[in-house]
């Protein structure tokens, strides 16, 4: 799918994120010479064409006071993992849930859930509550607490995308 140079400028500006302000699309438009209406129209069109699939949010948990983060790895029977994954993914304490293949013999885990909290004890309590409430406490699981913080950022695109203009 071809992308115009103007659309590519918009995509690249959007990759830096939206400002937290009353009119984020108008602010984005200032960076690329578009008004708010044009930004919204072009993003709608890019989405319709499948070039932009979604707009997501990156929450900087640490800045919000969430100092403890654990990826909880679960060893769930393959026949149950889809159903249990759906349930765990709907838990309010879980911010991320996905399935991955096991890497036997060293890595038996096939379901991953992320839990954030203000401190380690809060996260451990939340994990225990999830396991009990959702009836999965009997399945082997392990919280892997973050030791380092990495900067998370959105997608980055270069001029290598085909420009039709």
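The numbers here are math on the coordinates, done by the rules we state, and not lab data. Not measured: the values here are computed from a predicted model. Note: ideal-geometry Cβ built from the backbone for every residue, glycine included; neighbour counts use all protein chains shown.
Here are the numbers for the structure shown:
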| read-out | value |
| --- | --- |
| Reported label for calculated volume of the Cα convex hull per residue in Å³ given [x] 151; [y] 171; [z] 117 | [y] |
| Relative exposure of 43, 55, judged by other C-beta atoms within 10 Å (fewest first) | 55, 43 |
| Computed over the chain: relative contact order in percent, which uses C-alpha pairs under 8 Å that are six or more apart | 30 percent |
| Helix 5-14 axis, angle to the chain major axis (alpha carbon atoms, nearest 10°) | 40 degrees |
| Fewest-first ranking of 72, 37, 81, using other Cβ atoms within 10 Å as the exposure measure | 37, 81, 72 |
| Overall Cα dimensions of the range 5-48 - principal axes, largest extent first, Å | 25, 17, 17 |
| Sorted by Cβ neighbour density within 10 Å, fewest at the top, the residues 139, 116, 62 | 62, 139, 116 |
| Radius of gyration and maximum dimension Dmax of the range 4-89, Cα, Å | 18.8, 54 |
| Shape box of the range 62-145 [Cα atoms, principal axes, largest first, Å] | 37, 26, 18 |
| For the range 62-145: relative contact order, % (alpha-carbon pairs under 8 angstrom, 6 or more apart) | 44 percent |
